[in-house]
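A short worksheet on the structure shown next.
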Amino acid sequence: MTPGNNGASTPEDDDPFGYLYADGQANGAQPPSGGYGYPNSVNRVRPVGTRQYGQQAPAPQAPPQQGTYGQSAAHYAAPETLPGGSGAQQPRGGHGGGGRGRGPNTKGLLIGAVAVVAAVVVGISIAMISGDDEDGKDGNQADSTPTQSQESSEPSPSASSGGDEEEEAAELPTIDAKALRLGEGMATASDIKGAKADGGVYVAGFDKVGAKVTWTVNGIKEGTYRFYVGYATPGEDTNATVVVNGEAATRPLNMENFGGTPKGDWEKGWKDTWANVNLADGTNTIELVCNEGNQCNAILDQFWLTEEPPS
């Protein structure tokens, strides 16, 4: 039997594949228009080499209900007969059989996910750095300006420290000669110029044994003080005895002619001298006495106290 139509009068004598060969096609062999008796069979068989690849096949449609077994549905058509359909194989994913069809573009999705994660990480890092900078600035600003409690806690110069010393020094008394309690034979005068007491008044008569002047000092704190005496001599050395609260000093008060004043010149003979005295709290009595053994020949101007300088 030759390819194509061999002249047989019955379809079953025809070569069912004659349309696939050049001779059969020359003899007018046509592919069968009907199925081969199998359910859902394709109506048209394509010649070899006519399948086209790369085109998307239309979505498969549910087959209609068949009437009788062995007969194809009346409205069924092969995918090749649909407009634009050439039977291109649709790629199959990994969930199908053993085909090598390409799956979804997972590489692009992975790159996109990585980019999103990187952007989130960068944003969080920038936010954390910005927060640290703002905290540091606040901390530096808060550390650069002192608070009110810090300012108040700093010790301020004591305004009363110097004032106390001045008040304590001012409290140490000074007395003019005319305010002293004078002993027998003593009197005040103002004939000799140069006395520092008020009105130039001084005490005269301190030139014989038994002469005495008394100063009562109040409000004194216990301690050692310097007892100063303002006096004048007629150009000669003199001395006297200091008695504190009834106790006489062992050393006489030196009333020398410091500076060598000419003899008999009272006005140029005004000088100061001092002796250490120990005073008690409260009231103290200081006496300047001309006792036996003293060389007494002076006029008295003022008495005053100062604190003993530190040694």
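Tabulated data
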item	result
Set Lys178/Lys221; Lys212/Lys263; Lys196/Lys271; Lys178/Lys263; Lys193/Lys263 screened for pairs whose C-alpha atoms are more than 20 Å apart	Lys178/Lys221; Lys212/Lys263; Lys178/Lys263
Estimated vicinal HN-Hα couplings, Hz - the range 293-307 in sequence order (Karplus 6.51, -1.76, 1.60; Gly, Pro = x)	x, 7, 9, 10, 6, 8, 10, 10, 9, 9, 10, 7, 10, 9, 6
With all protein chains modelled, accessible area of Ile111 [1.4 Å, Å²]	110 Å²
Stretch gain in nm, segment Lys221-Glu184, where the contour uses 0.36 nm per residue and the Cα spacing is subtracted	10.2 nm
Whole-Hz couplings from phi, Karplus 6.51/-1.76/1.60, listed for the range 218-226; x for Gly and Pro	10, x, 9, 8, 4, x, 9, 10, 9
Computed lengthening from Arg251 to Ala127, 0.36 nm per intervening residue step minus Cα-Cα distance	35.6 nm
Extended-chain gain in nm, criterion 0.36 nm per residue less alpha-carbon gap, Val201 and Phe17	49.5 nm
Surface share of carbon and sulfur [accessible, 1.4 angstrom probe, percent] for the range 239-311	46 percent
Placed amide H near Gln295: partners under 5 Å, 5+ positions off or other chain	Asn239
Anisotropy class of the range 206-301 from Cα gyration tensor, a/c 1.5 cut	prolate
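The values are calculated or read from the model by the stated rules, or taken from the named source; none is laboratory data. Owing to the predicted nature of the structure, the values given are computational and were not obtained by experimental measurement. What goes into the accessible areas is simple: the full protein's heavy atoms, side chains included, and nothing from ligands, DNA or RNA. Shrake-Rupley method; radii C 1.70, N 1.55, O 1.52, S 1.80 Å.
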